[in-house]
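Peer 1: Structure incoming, see below.
Here, each number is a calculation from the coordinates, and none is a lab measurement. Quick caveat, the model's predicted, so the values are computed rather than measured. Here the Cβ positions follow ideal geometry from the backbone for every residue, glycine too, while neighbour counts run over all protein chains shown.
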Amino acid sequence: MNNWLNINLFSGACLLCGLPAQINTPMCRDCRNSLPTNTTCCCRCALPIKIDPVRLANESAKHNLYCGRCLQDPPPFFQSHIPYHYATPLINLLTGLKFSQQLHHARLLGNLLTQHLLPQLTSKPECIIPVPLHPQRLRQRGYNQALELARPAAQALNIKLDTQLCQRIKNTQPQTELSLRSRHANLRNAFQIAATVPYQHIAIIDDIVTTGHTVHELARMFKRAGVAQIEIWAIARA
């Protein structure tokens, strides 16, 4: 399972600062250490949580944190694995992938996600499902960044990657352009799930989770289709 660490992904300059990179990764040690880790967060939705240092000293506390929203209104997924905050310098890698055709960023980010997942997964999902793009958006961009992130994770973890099970049938307005109140309505009826879902445990993967409306809606539809366990995987949490 750890063979991916031995693949020579890059030899040369760090993608973030341009200084010499470490062996087998396109990042230097300082930039790797500067990535904004999402250490204390809700284990259900990965929302960052401030916690008393005394409580944090108890290792079990890190794995039993829930935000107020998830306690009051649990989402249709049972856990989230999101290793970083959406902050500098990670933003540069994510925006480069999403808006500037920097597809090589996906390999690095996918491997960072995999490295986070390896010690966390007690049981592997039966498949990974990337959040789909509408065909018009896919033609404009040329690729789905969620799918590109999913490829290295699926390969390293030996989990099936399913891109046919769900489709985005509504060309929604970008969520970042909308108010918090409008985001839920924007995604209503945006996705279509296959009539028969042959899995009981899945992981939905996206690049960034901001308010969580997108993954919540997709998870809700899979839950309604009979999937028992749904996880959310992403690189960064806003």
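Peer 1: Step through the table entries Lys50/Lys160; Lys160/Lys223; Lys98/Lys170, compare each Cα-Cα distance with 28 Å, and write down the pairs that go over it. Can you show the working numbers first?
Peer 2: Working: Lys50/Lys160 36 Å; Lys160/Lys223 19 Å; Lys98/Lys170 20 Å.
The answer is Lys50/Lys160.
Peer 1: Further question: Relative to the present Cα-Cα distance, how much length would full extension add between Thr196 and Glu126 at 0.36 nm per residue of separation?
Peer 2: On the way: separation 70, 0.36 × 70 = 25.20 nm, distance 1.50 nm.
Answer, rounded to one decimal: 23.7 nm.
Peer 1: Right, next: Out of residues 5 or more away from Val227 or on other chains, whose amide H comes under 5 Å of its own, with H placed 1.01 Å from N in the peptide plane?
Peer 2: Amide H neighbours of Val227: none.
Peer 1: Let's see if you can work this out: charge +1 on each Lys and Arg Cβ, -1 on each Asp and Glu Cβ, no other charges. What is the dipole magnitude of region 65-158 about its Cα centre, in debye to the nearest 20? Let's see the in-between values first.
Peer 2: Numbers: 8 positive and 3 negative charges, 62 e Å.
I would put it at about 300 debye.
Peer 1: Report D for region 86-237 in µm² per second (integer): Stokes-Einstein, Kirkwood Rh on Cα pairs, 20 °C, 1.002 mPa s. Mind dumping the intermediate values first?
Peer 2: Details: Rh = 15.8 Å.
After rounding, the answer is 135 µm²/s.
Peer 1: Still on this structure, I have one more. Calculate one ³J(HN,Hα) per residue across region 39-48 by plugging θ = phi - 60° into the Karplus curve 6.51 cos²θ - 1.76 cosθ + 1.60, and present them in order as whole Hz with x for glycine and proline.
Peer 2: Running phi through 6.51 cos²θ - 1.76 cosθ + 1.60 with θ = phi - 60° gives 6, 9, 8, 4, 6, 8, 10, 6, 5, x Hz.
Peer 1: Still on this structure, please answer the following. Can you compute the FRET efficiency between Thr37 and Gln101 using 1/(1 + (r/R0)^6), with r the Cβ-Cβ distance and R0 = 25 Å? Round to the nearest 0.05. Could you put the intermediate results ahead of the total?
Peer 2: Values: r = 27 Å, r/R0 = 1.10.
The calculated FRET efficiency here is 0.35.
Peer 1: Subtract the Cα-Cα distance of Lys160 and Leu71 from 0.36 nm times their separation in residues, and report this length gain in nm to one decimal.
Peer 2: Net length gain for the segment: 28.9 nm.
Peer 1: Can I ask one more? Among DSSP beta bridges whose residues both lie in region 86-237, state the antiparallel percentage, nearest 5. Walk me through the numbers on the way to the answer.
Peer 2: Values: 3 of 17 bridges.
Here the antiparallel bridges make up roughly 20 percent for region 86-237.
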